[in-house]
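Undergrad: Here it is, the structure, as structure tokens.
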Amino acid sequence: MATFLTSSPRVPLLLVLCLGITGPVLAKAPDANAQGFAAYNKGDYAKAHALFEKALKQDPSNAYARLNRARTTTLLNQGKEDADDFDYCAFESNWMYLALADLSVAVEKDAQALLPKIDEDSKGLKALKASDEYKKWRKAISVFVNEKGIKEKVLGATSDWWFLQPGQIPESITLAADKRVMATQQDTYAYPTGEWRPLRSGVEITPEKKPARAWKLLAGKYYFDQGKRFFFEVRLEPDGETTPADSGWTTGPLSIGPLSGDCL
């Protein structure tokens, strides 16, 4: 296979003929991600962001460009969430969700290489990593990559979950330290609705007046922006098919993720 060289008047004609190149000499396209990272290191975040955008248009699967765009998205927008006109629930324009969507794709593509870079980042992702949205997302990633001590990181002594299903009243479900399941609907008082205990792969939940059932601990995807983007969230899903006797939160899944219940 012929080797293509960068077109230059300095390439001797004899060398071109010796290499057997008979067609046009083509120049390799510049690496937009590498150019963007150079601008990023110089502090020109707007230029870097535009180059990372270009890199992703050329190759949407470029996991490193995803990570880098999350960095510049954070640096160019941090603090805007404190403005009076900031619409937290406009997910397609909320910079935190956009950055988490890029990080989710990056980790999905190459967790082994990119997750350490995310964890060690104290510059580009600093503001994002200080948010509750990121901390919930990081729990989901812990489940996704099967990190050691997953249950302790996600469940702990007490964990708070959301039941969010179309046509159902959103509920906050707490797996409390005393092993009671507590439910809250529409900011009313919390009331007991069952019991739970940890299992090797998740938890066992016994709703009031219903049989016990195992729930699996999983990493799920929450899609937004008309399905074009997603971020990871932690899910508890009932093991096996639900029955007609199940209703409300007992049908699952329960979730812990960046999404705020205030947006529902």
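Undergrad: Would it be correct to say that Lys151 is in contact (Cβ under 8 Å) with a residue 60 or more places away in the chain and not in a strand (DSSP E or B)? So that I can check it myself, show each step before the final result.
TA: Working: in contact (Cβ under 8 Å) with a residue 60 or more places away in the chain: yes; not in a strand (DSSP E or B): yes.
So Lys151 fits the description; yes.
Undergrad: Another one. Among (1) of a type outside the set (Val, Ile, Thr); (2) more than 13 Å from the chain's Cα centre (by Cα); (3) modelled with pLDDT of 95 or more; (4) not assigned by TED's automatic domain parsing to the domain that holds Thr206, which single condition is Arg138 missing?
TA: (2)
Undergrad: If you check Ala55, Ala90, Ala130, which single one turns out to be closer than 20 Å to Tyr223 by Cα and not aromatic (Phe, Trp, Tyr)? Full working, then the answer.
TA: On the way: Ala55 fails: closer than 20 Å to Tyr223 by Cα; Ala130 fails: closer than 20 Å to Tyr223 by Cα.
From the options Ala55, Ala90, Ala130, the qualifying one is Ala90.
Undergrad: Continuing with the same structure: Would you pick out the residues in the range 134-149 that are closer than 16 Å to Val105 by Cβ and not small (Gly, Ala, Ser)? Please lay out each step first, then the result.
TA: Pass one, the range 134-149, residues closer than 16 Å to Val105 by Cβ: 134, 137-138, 140-141, 144-145.
Selection gives Tyr134, Trp137, Arg138, Ile141, Phe144, Val145.
Undergrad: How do the pairs read when you match residues in the range 251-263 that are over 15 Å from Ser131 (Cβ atoms) and surrounded by fewer than 20 Cβ atoms within 10 Å (Cβ to Cβ) with residues anywhere that are of a type in the set (S, T, N, Q) and modelled with pLDDT under 95, using Cβ under 6 Å and keeping only pairs 6 or more apart or on different chains?
TA: Going by the 6 Å Cβ cut-off, the qualifying pairs are Thr251/Thr242.
Undergrad: State all residues of the range 92-129 that are farther than 14 Å from Arg66 by Cβ and either surrounded by fewer than 17 Cβ atoms within 10 Å (Cβ to Cβ) or among the charged types (D, E, K, R) (or both); if no residue qualifies, say none.
TA: Glu92, Ser93, Gln112, Pro116, Asp119, Glu120, Ser122, Lys123, Lys126, Lys129
So that you can scan it fast, the table gives a plain yes or no per residue for (1) polar (S, T, N, Q); (2) modelled with pLDDT under 90; (3) crowded, with 19+ Cβ neighbours inside 10 Å:
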position: Pro170; (1), (2), (3): no, yes, no
position: Leu175; (1), (2), (3): no, no, yes
position: Gln185; (1), (2), (3): yes, yes, no
position: Pro192; (1), (2), (3): no, no, no
position: Val203; (1), (2), (3): no, no, yes
position: Arg213; (1), (2), (3): no, no, no
position: Lys228; (1), (2), (3): no, no, no
position: Leu236; (1), (2), (3): no, no, yes
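Undergrad: Looking only at the range 59-102, which residues are without any contact (Cβ under 8 Å) to a residue 24 or more places away in the chain, assigned to a loop (DSSP other than H, G, I, E, B), hydrophobic (A, V, I, L, M, F, W, C) and closer than 19 Å to Ala130 by Cα?
TA: Hits for the range 59-102 are Ala83, Phe86.
Undergrad: List the strands (runs of 3 or more DSSP E) that sit entirely inside the range 165-237 and contain at least 3 residues that are charged (D, E, K, R). Walk me through it before giving the result.
TA: Numbers: elements: 171-175, 180-185, 191-198, 202-207, 213-224.
The strands (runs of 3 or more DSSP E) meeting that bar are 213-224.
The values are calculated or read from the model by the stated rules, or taken from the named source; none is laboratory data. Note that the structure is predicted; figures quoted are calculated from it, not measured. Neighbour counts are summed over all protein chains in view; Cβ atoms, including those assigned to glycine, are modelled from backbone coordinates with ideal geometry.
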